[in-house]
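Heads up: the structure comes next, in structure tokens.
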């Protein structure tokens, strides 16, 4: 049998990849994809805990997280299209209106 | 034994695919790799006995969200903005911080001497639990369920409002 730590290590690897993608890729599409990767890592932790503890609440939480991810992807991609139409680029380094 | 072999097979593929998704150059390739990543993750869910979650993972993530990504890449110019910009020193500091966090949490997880397997802590075996999920979703979680539908409605409206072409006579 696989110990619970190995599932968590897998989720940790996926979450770290997502974090590094958000921090390092200078492309809004890649950043959104990395956020999806991080949400999936969190879902894996929920499902693992639900399965190991014999409690269905974790799987229902994953259901809501997937709903949230669908909304987030829709609005995020709409913002990518709006930003591209307005500024002609989706590199966040060139989006300096807020002087961030 | 079969479960262990399946898990480590899926886990190695998922690790390679997760690294590849954030390192490949072209967005189209990254979306294709992410589809495979989500498929294999659905396999892990099925291994854990969460068949309903595995199915909606394939339908919603691979079938809807990533198709949306693909459409946006088709609308935009896929090969633009591929060069990486930014400060090298700042990136190195960020990379070090994330790596230290990763190593810290890995160490914390392996610190426990006896690894917990399902036999140690499971209270009941969850097999074929779609029926129970449906019951809980429509009894205990009925208000969050309705709020989720409201969230999706808001998502539709705001996505349309944000991404429509700015009209000539009035600005949004």
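For this structure, a couple of remarks:
- Going from the residue with the fewest nearby Cβ atoms within 10 Å to the one with the most, A:79, A:31, B:74 rank B:74, A:79, A:31.
- Summarising the label geometry, the points placed 7 Å from Cα in the beta-carbon direction at residue B:5 and residue B:64 lie 3.7 nm from one another.
- Between the range A:43-100 and the range B:11-60, the alpha-carbon center distance in angstrom: 15 Å
- Counting every other Cβ atom within 10 Å of each residue's Cβ, A:38, B:109 order from fewest to most as B:109, A:38.
- Calculated FRET efficiency, residue B:24 to residue B:71, Cβ-Cβ distance, R0 = 25 Å: about 0.85 to the nearest 0.05.
- Against chain A, whose longest principal axis comes from its Cα atoms, helix A:4-24 is set at around 0 degrees.
- In angstrom, the C-alpha Rg and Dmax of the range B:1-77 are 13.7, 48.
- Residue among A:88, A:76, A:58 with the largest mean-square fluctuation in a Gaussian network model of chain A, springs linking Cα atoms under 10 Å: A:88
- Subtracting the Cα-Cα distance of residue B:91 and residue B:132 from their residue separation scaled by 0.36 nm leaves 10.1 nm.
Where a number appears in this text, it was derived from the coordinates with a stated rule and is not lab data. Remember, it's a predicted structure, so these values are computed and weren't measured experimentally. Cβ atoms come from the backbone with ideal geometry, glycine included; neighbour counts cover every protein chain shown.
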